[in-house]
Structure formats: structure tokens, C-alpha cells
Amino acid sequence: MTKRVAILISGGGSNMVSLVKIMQQDAQCNAKPVLVLANSDTAGGLAKAADLGVDTQVVDHRPFKGDRVAFEAVLHDVIEKYSPDIICLAGFMRVLTPSFIDKWTGKMLNIHPSLLPKYKGLHTHQRAIDARDMVAGCSIHVVTSELDGGPVLAQAKVAITPDDTADTLAAKVLVQEHKLYPAALKEFVRV
Ligand code: GRF
């Protein structure tokens, strides 16, 4: 059965586009995009999703003034209307509480721009440069209640060169993200 996929974004949505494209263009990918949801109506990815013919929704976190549980209750209700089997977090910049995550155990994926378990959290590229690492990369993992701590499904590596800044490294890693996440999703829905 084709898996229904909801994608949560906060920004430009380039990873979301790569996920939607594999689902729409690869007949061997056993999934279809049913929703792109952002936590702000300024998220650039919303227009890209609409252009690709995917339903969009916004659940703005700001009116909830830090009440994560109340925000997530609305988030969950909106998502449930689309009956997804899987949620893909793609640059979704809100920390989710265990009570939300528990509703999607084993069904929610995330992309993180580091070679986990290294550099959970933010500023991953600068931290890799500061540590004088030779290699950086990105990881796809199953979301658990430990931030960026769930089982890793796939990783891609890039070399860090002496002239790299956080921005140039982020750009190199993003190229790999756009290949890795669709491939990992395709594999995830295959089994
Ligand atoms: C990506 O680098 C992702 O790994 C990080 O935020 C960025 C989102 O980019 N968490 P986009 O919105 O997919 O273009």
C-alpha cells in the first residue's frame, strides 16, 4: 500500500522539494506526499509545495507563546486530517515534546546536518570546523524523544577543506541532503 507522507518545514523547503519529487517522479517509491505543513506562513517552502500540487497548512507556533503542548495539540489535529502514515521533518525548527513524538513512534524521520552522533542540536557546521574535523555530513534518523538521538538510517559524508566556512560547508552538505533524504525515504517505505 502506498504510504501517505506529511512533511514539516520551517524555511525554504529544499529538502521537502527533494522528497516530494522522488514521490511524484519515481514509480518505485512507494509513497505519496499528502501535506506540507509549516510553523510560519513566511516559510518559503509553502509556495514551492503548492507549485508541486501538494496541500499546504500553517500552524503558527507564536500565538501559543511557548506552550508546546497546546501548539502540538493543534499540530496533531491538522496533521491527522490528512491521515499520514509517515511524517518527515525537513528543516522543521521546533523541538517536539515526547507526548507528540510518542504518537508517531517509528513513523517520523528527520534530517540532521551532521554525522550523528556528532553535533546534535544547532551550529553543526561551525562546530565541525572548530573541532578541525576532516569530514562532515548529514544523517537521516528515526525521531525519538532524545533530540537528534534516534536510530540513524543513512548518512552521507563530505570533505571539509581548509578554506571552508560554516556557509560553504553547509552548502556542500545540503547537496548531499537532497540525495540522501529521498533515498532514505524510498528505502524506509520499501520495507
Ligand atoms: C537543512 O540543512 C537541514 O538539514 C537543516 O535545516 C536546513 C533546511 O533547509 N535542519 P531546507 O528548508 O530543507 O532548504
Query raised in the report: When the chain is treated as a GNM, springs tying every alpha-carbon pair under 10 Å, which of Val175, Val34, Val142 comes out with the largest mean-square fluctuation?
Result: Val175
Report summary line: Expected max-MSF residue from Ala170, Ala73, Ala49 in the GNM of the chain (alpha carbon, under 10 Å) is Ala73
Report task. Return a whole-number percent for the relative contact order of the chain, with Cα pairs under 8 Å and 6 or more residues apart as the contact set. Result -> 21 percent
Query raised in the report: Using 7 Å Cα-to-Cβ label points, what is the Ser145/Lys103 separation (nm, one decimal)?
Result: 1.6 nm
**Report entry** Heavy-atom surface of the chain, accessible at 1.4 Å and reported per residue (Å²)
**Finding:** 49 Å²
Report summary line: Applied in sequence order to region 118-125, the curve 6.51 cos²θ - 1.76 cosθ + 1.60 (Karplus, θ = phi - 60°) yields integer Hz couplings, x standing for Gly and Pro, of 6, 6, 5, x, 9, 6, 4, 5
Report summary line: Residues meeting the amide H criterion for Met108 (H placed from the backbone, H to H distance under 5 Å, 5 or more places apart or on another chain) are Ile87, Val143
Requested in this report: Starting from the Cα gyration tensor of the chain, take the square roots of the eigenvalues, sort them a ≥ b ≥ c, and report rounded, prolate or oblate (rounded when a/c is under 1.5, otherwise prolate if a/b is larger than b/c, else oblate).
Outcome: prolate
**Report entry** Extension gain, Thr42 back to Ala73 (0.36 nm per residue minus Cα-Cα distance, nm)
**Finding:** 9.0 nm
Query raised in the report: Which residue fluctuates the most in the chain, going by a Gaussian network model with Cα springs under 10 Å, if the choices are Ile129, Ile79, Ile111?
Result: Ile129
Query raised in the report: For region 54-99, which semi-axes, largest first and in whole Å, follow from the square roots of 5 times the eigenvalues of its Cα gyration tensor?
Result: 18, 12, 12
Query raised in the report: Modelled label-to-label distance, Arg4 and Val152, 7 Å Cα→beta-carbon offset: nm?
Result: 3.4 nm
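The values are calculated or read from the model by the stated rules, or taken from the named source; none is laboratory data. Please read all numbers here as calculations on a predicted model, not as lab measurements. Ideal geometry is used to build each Cβ from the backbone, glycine not excepted, and the neighbour counts take in all protein chains shown. Please note that ligands, DNA and RNA were not included when accessible areas were found on the heavy atoms of the full protein model with its side chains. Shrake-Rupley method; radii C 1.70, N 1.55, O 1.52, S 1.80 Å.
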